[in-house]
Amino acid sequence: MSEQTPVLRLAVFASGSGSNFGAMLKAIDAGKLDAEPVLLITTRPAIGAIDKAEARDIPVAILPPAKFESEGAFAEVLLHALTEHQTNFIALAGYLKKIPASTVDAFKHRMLNIHPALLPSFGGEGMYGRRVHETVLEYGCRVSGVTVHLVDSEYDTGPIVLQEPVAVRPDDTPKSLAARALQLEHRLYPQALQLFAEGRVVVDGRRVHIRDG
Ligand code: GRF
């Protein structure tokens, strides 16, 4: 019997520590995620995500958008790298730059992002990292959460695939809330990717239906 190719040939985009990337790799090792990580794209060198990729011989492309003469030139190189590694799915995991329109179009309904709040609240340009949790606490929310969503041409606006709440505690700081959200992210992101690997996701406009497994 020939070996079956995993459905997802996954490129992960990260600009930071890459703990979500690490959670995906762990889920793959545990047999909970049928994906092959084929490429890591980063905006800068010397970040945790690169160490994780290198430890497993996953190819890394460091592509700082500002180093390209135009957005078009960056988009071209990015798409070329994705094609070269036969990528068929993208997971943004703490990637801080806007994805070029040509990549969004080429990976329509095949690109996910994770956000550490309940979208559509506390999202959008500039709303990332500590800022999200600070704003949630300043507003006095009793509940925050995590959202995994498809990527469209705007920040944090694509159809929602999975979403789960995190209770806000009276003594929470941005750091403590972020830590609990991150723990949830590490479970929710591989879970969302596996739904795609199993072909159970149907996108109907803004609404995403999950077929029974
Ligand atoms: C996560 O909080 C994620 O929700 C956001 O960026 C952060 C990335 O963290 N999009 P890490 O690099 O995966 O640890």
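Some observations on this one:
- Applying the condition of being in contact with a helix residue (DSSP H, G or I) (Cβ under 7 Å, 6 or more places away or on another chain) and free of Cβ contacts under 8 Å to residues at least 40 places away in the same chain to segment 72-96 and asking which residue is nearest to the ligand (Cβ to nearest atom) yields Leu78.
- Residue count for segment 43-59, restricted to those that are more than 16 Å from the chain's Cα centre (by Cα), more than 12 Å from the ligand (Cβ to nearest atom) and among the hydrophobic types (A, V, I, L, M, F, W, C): 3
- Hits in segment 153-175 (condition: touching a helix residue (DSSP H, G or I) at 6+ places or on another chain (Cβ under 8 Å) and buried (at least 16 other Cβ atoms within 10 Å of the Cβ)): Val161, Leu162, Val166, Val168, Asp172, Pro174
- Looking at Glu69, Glu76, just one residue is part of a loop (DSSP other than H, G, I, E, B), of a type in the set (Asp, Glu) and surrounded by fewer than 17 Cβ atoms within 10 Å (Cβ to Cβ), and that residue is Glu69.
- Filter result (at pLDDT below 95 and either within 16 Å of the ligand (Cβ to nearest atom) or under 17 Å from Val151 (Cβ atoms) (or both)) within segment 1-42: Ser15, Gly16, Ser17
- The set of residues in segment 107-145 being surrounded by 14 or more Cβ atoms within 10 Å (Cβ to Cβ), farther than 23 Å from Gln191 by Cα and more than 13 Å from the ligand (Cβ to nearest atom) consists of Glu134, Thr135, Leu137, Cys141.
The values are calculated or read from the model by the stated rules, or taken from the named source; none is laboratory data. Please read these numbers as outputs of a predicted model, since none were measured by experiment. Neighbour counts run over all protein chains shown; Cβ positions are idealised from the backbone, glycine included.
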